[in-house]
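Taken together, the values in this text are just the output of simple stated rules run on the coordinates, not laboratory data. All values derive from a computational prediction rather than experimental measurement. Cβ atoms come from the backbone with ideal geometry, glycine included; neighbour counts cover every protein chain shown.
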Amino acid sequence: MRTLKALSALLTYPSAGLIAALPEIAAVIEVDTLLGKADRAGLLALIGHLRDGDLFDRQEAFGLLFDRTRSLSLHLFEHVHGESRDRGQAMVDLIKVYEEGGFTPTTEELPDFLPLFLEYASTRSPQEAIDLIAQPAHVLTALAERLAKRKSPYEAIFRGLLSLAKAKPDKAALAALMAEPDPEPDDLEALDAAWEEEEVLFGPGAASACGKEGLGAKLRQANRPAPGMEVPASQPRTTIHHSGSRQ
């Protein structure tokens, strides 16, 4: 799915290369009939925001949002495992999934970095790609809501992903995630406290929710997925990881 690759690019650290590629990215989004009119308009508005603004301002804004604020981390396991030891094993297992899928990342990012995960999903069949991005629906929804609160045009990426996935997040998992601290990037004391939080768990018994209906049967021993993240019987699922380094 070319749109997933386009969204992956839009979610990377703004660079001169990304700005140069914006017309091509816009062309991909404009013709994608899987995205509704409102989703396409939001994404094109983000492209205009990146294209027309000062590059250094865009870079600073990106860093404040995604690098500095834990609640907006682009590393998916950050929202599932926090800093627990399970996160490292989940990373190892996700790398194996990439390898078995014939996917060789060309970046030093951690495997759960959302843009990297989207790039991997873009190499799969349409149905498998949809199944993959549907898995962390509660994380994508929480990120969309937090970005909406900040009136950030990056919200459009997460709304678009949720539209493509056609997935509704588990209410309990989303509520637990939304209850986590969400400080503003200029509140240094609150940011420090948020980064010191323990591992994030979603709902009662989340630590044991690792069966075949978990984030991925293939990775069930490494993951503690939120309730309701079901795995299609025909498709093994994947997991994701990220380091937040700039591209």
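Points worth noting:
- Summed over region 148-162, the residues that are under 13 Å from the mean Cα position of the chain (by Cα), among the aliphatic types (A, V, I, L, M) and surrounded by fewer than 22 Cβ atoms within 10 Å (Cβ to Cβ) give a count of 1.
- Screening region 1-54 for residues that are of a type in the set (Val, Ile, Thr) and without any contact (Cβ under 8 Å) to a residue 24 or more places away in the chain and picking the one that is farthest from Ala144 (Cα to Cα) gives Val31.
- Considered as a group, the residues in region 138-165 that are charged (D, E, K, R) and part of a helix (DSSP H, G or I) include one that is farthest from His75 (Cα to Cα), and that residue is Lys149.
- Scanning region 27-70 for residues that are of a type in the set (Asp, Glu) and closer than 17 Å to Ala6 by Cβ yields Glu30, Asp32, Asp39.
- Scanning region 95-106 for residues that are in contact with a helix residue (DSSP H, G or I) (Cβ under 7 Å, 6 or more places away or on another chain) and part of a helix (DSSP H, G or I) yields Val97, Tyr98.
- The lone exception for Glu109 - which of (1) in a helix (DSSP H, G or I); (2) in contact with a Gly (Cβ under 9 Å, 6 or more places away or on another chain) it fails: (1)
- Qualifying residue in region 35-56 (condition: in a helix (DSSP H, G or I), buried (at least 22 other Cβ atoms within 10 Å of the Cβ) and in contact with a strand residue (DSSP E or B) (Cβ under 6 Å, 6 or more places away or on another chain)): no
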